[in-house]
Amino acid sequence: MGMISRVRGRIRSDSFSKIQTIRSEDKIANIVWLLSLVLLLPYWAPRGLLVALGGAWLMAAYTCLVVPVLISANYKYPARWYPAVAKLAQEAARRLRAPFVRVLGVLKAIYAPLDRAEVMFLQLNNLSTMISQLLIFTACDRLLVSQGQGRLTSLYSLMFYNVITYSVSYVREICTKEDWSPYVNVTRHSRVKHLAMSATKIVLEWTKAVTFIVTITFILLTLGLEQGLEHYRPNFLYTLITGVYYLLTERTFLELWPIGISALKLERLEGMEVLYFGVWARGLTTAIAIPLVPALAWYERWRLAACVLYVCVFVHGRHRLGEALAKLNEARGSLARFRRATSEELSTLEDVCAVCLGNMRSARVTPCAHFFHADCLRKCLAASDRCPICVRPYVFC
């Protein structure tokens, strides 16, 4: 009997100590919660008590010192009602999710025709690009050019930029032209000349040449004599913004920029200059258009601000920037399985890429220990999932 009574007493003492521990933890949690409310009171004071006493620096210092301590203290000593509140919030979110999903589905169904119209609008590449350029130029005209000094500066600028683009494209066509013969053969391997097609080709080539000469002469006369430029008064900031936007949106320059970047031979880009530049160009043009929207709204240019927001930010950013990002991520994802070759491996290899027969300053290694340029390997992966040399399927451990 004595032993049984001693065991009962020990069990009661242990249970009582556990209950006391739990109660003490609850007290600490409640104290931490009350202290958190007290320490957060300065944020709810009228006009900011700390800002009134010491300015924004005192508020920032107080936030950096107090908020981390409060978060860690409440995480270590959570109040008993915290899990109940979290469970209640999860249940409310679960109940509200179903009607929210239904409303979102209805909105998507309503927006679907407009989305198809946006895609069709962007498929008209020249028209959509010209409209976006005209909107940005007009916005810069309203914001950066004084109306008393310049009128229709945006139209003058767009006209000059288009003339320069035509000149650049014509010079590029001359530099990349391979067939300088004025005649057209009946077939590719025949030496018989097609008289009508040859005459048409000669007329077209002379028309292009005369148009180019007249265009350059007109520009030189206009800039030299300053005739018709009384209302054209662009400043440096206007020219910088519009020039950068035009160079990053016009198709002629979009084809030239990756060629210039390829000449730098940046190994980090791995031959995907076109994909990287597409993302950079779309991102920068969207970034140029974003700050123009609140600036136009500040000057109460509501319709122009809405047009710039919708066409230049939403439509172009959502579709064109999203498409460029998707292509780049797809290309990088296809190469992520293949490791990069180290400099020691490339120095001892002294070989060329089996696809393009070019020297390898950077390469990717296949599981079968073959080396290829990253861009060459990506193009091979688009056609087949086998090694171009040993024709084995790629097996990754």
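The values are calculated or read from the model by the stated rules, or taken from the named source; none is laboratory data. Quick caveat: nothing in here was measured; it's all calculated off a predicted structure. Cβ atoms come from the backbone with ideal geometry, glycine included; neighbour counts cover every protein chain shown.
Name the residue that is modelled with the lowest pLDDT, counting only residues in segment 335-351 that are in a helix (DSSP H, G or I) and surrounded by 15 or more Cβ atoms within 10 Å (Cβ to Cβ). Break it down stepwise before answering.
Going residue by residue through segment 335-351, those that are in a helix (DSSP H, G or I) are 335, 343-349.
Filter once more, so that each one left must be surrounded by 15 or more Cβ atoms within 10 Å (Cβ to Cβ): 335, 346.
Numbers: Leu335: 81, Leu346: 75.
Within segment 335-351, the match that is modelled with the lowest pLDDT is Leu346.
Kindly evaluate Gln123 against the criterion of being at pLDDT 85 or above and touching a Phe, Trp or Tyr at 6+ places or on another chain (Cβ under 8 Å). Full working, then the answer.
Details: at pLDDT 85 or above: yes; touching a Phe, Trp or Tyr at 6+ places or on another chain (Cβ under 8 Å): no.
When the stated conditions are applied, Gln123 does not pass them.
Give segment 252-271 a look and list any residue that's touching a helix residue (DSSP H, G or I) at 6+ places or on another chain (Cβ under 6 Å) and closer than 20 Å to Asn359 by Cβ, or say none.
Of everything in segment 252-271, those that are touching a helix residue (DSSP H, G or I) at 6+ places or on another chain (Cβ under 6 Å) and closer than 20 Å to Asn359 by Cβ turn out to be Ile261, Ser262, Leu269, Glu270, Gly271.
Quick one: which of Gly228, Gly224, Gly260 is more than 24 Å from Leu127 (Cα to Cα), outside the structural domain of Lys379 (by TED's automatic domain parsing), surrounded by fewer than 17 Cβ atoms within 10 Å (Cβ to Cβ) and at pLDDT 80 or above?
Details: Gly228 fails: at pLDDT 80 or above; Gly224 fails: at pLDDT 80 or above.
The unique qualifying residue is Gly260.
Hey, can you tell me all the residues within segment 89-100 that are surrounded by 10 or more Cβ atoms within 10 Å (Cβ to Cβ) and aliphatic (A, V, I, L, M)?
Ala89, Ala92, Ala93, Leu96
Rundown of residues vs (1) in contact with a Lys or Arg (Cβ under 8 Å, 6 or more places away or on another chain); (2) among the aromatic types (Phe, Trp, Tyr); (3) at pLDDT 75 or above, yes/no style:
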| site | (1), (2), (3) |
| --- | --- |
| Met3 | no, no, no |
| Arg8 | no, no, no |
| Ser13 | no, no, no |
| Asp26 | yes, no, no |
| Gly48 | no, no, no |
| Tyr111 | no, yes, yes |
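Can you tell me which residue among Ala354, Ala382, Ala306 is at pLDDT 80 or above and either of a type in the set (Gly, Ala, Ser) or not in a helix (DSSP H, G or I) (or both)?
Working: Ala354 fails: at pLDDT 80 or above; Ala382 fails: at pLDDT 80 or above.
Matching residue, one of Ala354, Ala382, Ala306: Ala306.
Listed here are the residues, each with its yes/no results for (1) of a type in the set (D, E, K, R); (2) in contact (Cβ under 8 Å) with a residue 24 or more places away in the chain; (3) touching a helix residue (DSSP H, G or I) at 6+ places or on another chain (Cβ under 7 Å); (4) over 30 Å from Pro294 (Cβ atoms).
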position	(1), (2), (3), (4)
His316	no, yes, yes, no
Arg320	yes, yes, yes, no
Ala336	no, no, no, yes
Thr348	no, no, no, yes
Asp351	yes, no, no, yes
Ala354	no, yes, no, yes
Arg361	yes, yes, yes, yes
Arg364	yes, yes, yes, yes
Asp375	yes, yes, no, yes
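With the requirement that a residue be among the β-branched types (Val, Ile, Thr) and buried (at least 18 other Cβ atoms within 10 Å of the Cβ), what does segment 239-257 give you? Even if it seems obvious, please write down each step before you answer.
Of the residues in segment 239-257, the ones among the β-branched types (Val, Ile, Thr) are 239, 241-242, 244, 249, 252.
Hits for segment 239-257 are Ile241, Thr242, Thr249.
What are the pairs, 6+ residues apart or on separate chains, where a residue within segment 264-289 that is under 30 Å from Tyr238 (Cβ atoms) has its Cβ under 6 Å from a residue that is of a type in the set (Lys, Arg)?
Between residues of segment 264-289 that are under 30 Å from Tyr238 (Cβ atoms) and residues that are of a type in the set (Lys, Arg), the close pairs are Arg282/Arg320.
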